[in-house]
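Below is one structure; the comments refer to it alone.
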Amino acid sequence: MVDEITLIDRIKHGDRRALDTLIKTYYQSVFAYFYYHTRNRETSMDLTQEVFVKVVASIETYENKGRFRSWLFTIAVNHLRNHWKYQSTHQEYQFEEESEEDAISDWENITESTNLLNALSQIPADQRDCIVLKYYYGFTSKEIAEILKVKETTVKARIRYGLSKLGNLLRGDEENGA
């Protein structure tokens, strides 16, 4: 694969193939992030497309400081926050229900452990986000801090406490899990 700096430079100069390559490289990861949070395929597809529209619209401002992936996920995290804010003020919106079979089938492609998913859903969102970004997407604590706009020590603490709670939940020690 072409390195990101060259790829982004080609995109800035109007290379559509480079843009296609960039989108193909990151689409599934961004989609999986949204699907994890919404558990709705259509919503996740819409959010993913909206993020890539934002990326295309703002690629000129990308300065190659740090990894592109961190910049992309910063946009995705902020977009999801905006989505939730919008949803909370527009209560007439309802998620379409997917059949349980479809949801399970899709989710098994993202992760293999239903028990882990159940446990993850029971820990605080700030801890869960840090764990997912670190262990599912491979971001460093420093990158997660930049994405979430918190201190790196906060990220490390959230991961430590979250993992402790996960361990308790997975062992069946539910009263210490939440």
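The values are calculated or read from the model by the stated rules, or taken from the named source; none is laboratory data. All values reported here derive from a predicted model rather than from experimental measurement. All Cβ positions, glycine included, derive from the backbone under ideal geometry; neighbour counts span all protein chains shown. Side chains are part of the model used for accessible areas, which takes the heavy atoms of the whole protein and leaves out ligands, DNA and RNA. Shrake-Rupley method; radii C 1.70, N 1.55, O 1.52, S 1.80 Å.
Miscellaneous remarks
- Every residue from region 132-147 that is open to solvent by less than 40 Å² (accessible area, probe 1.4 Å) and closer than 12 Å to residue 33 by Cα: 132, 133, 137
- Residue, nearest to the chain's Cα centre (by Cα), within region 118-130, restricted to residues that are at pLDDT below 85 and open to solvent by less than 10 Å² (accessible area, probe 1.4 Å): 120
- Just one of the numbered conditions (1) closer than 30 Å to residue 87 by Cβ; (2) surrounded by 16 or more Cβ atoms within 10 Å (Cβ to Cβ); (3) not small (Gly, Ala, Ser) is not true of residue 27: (2).
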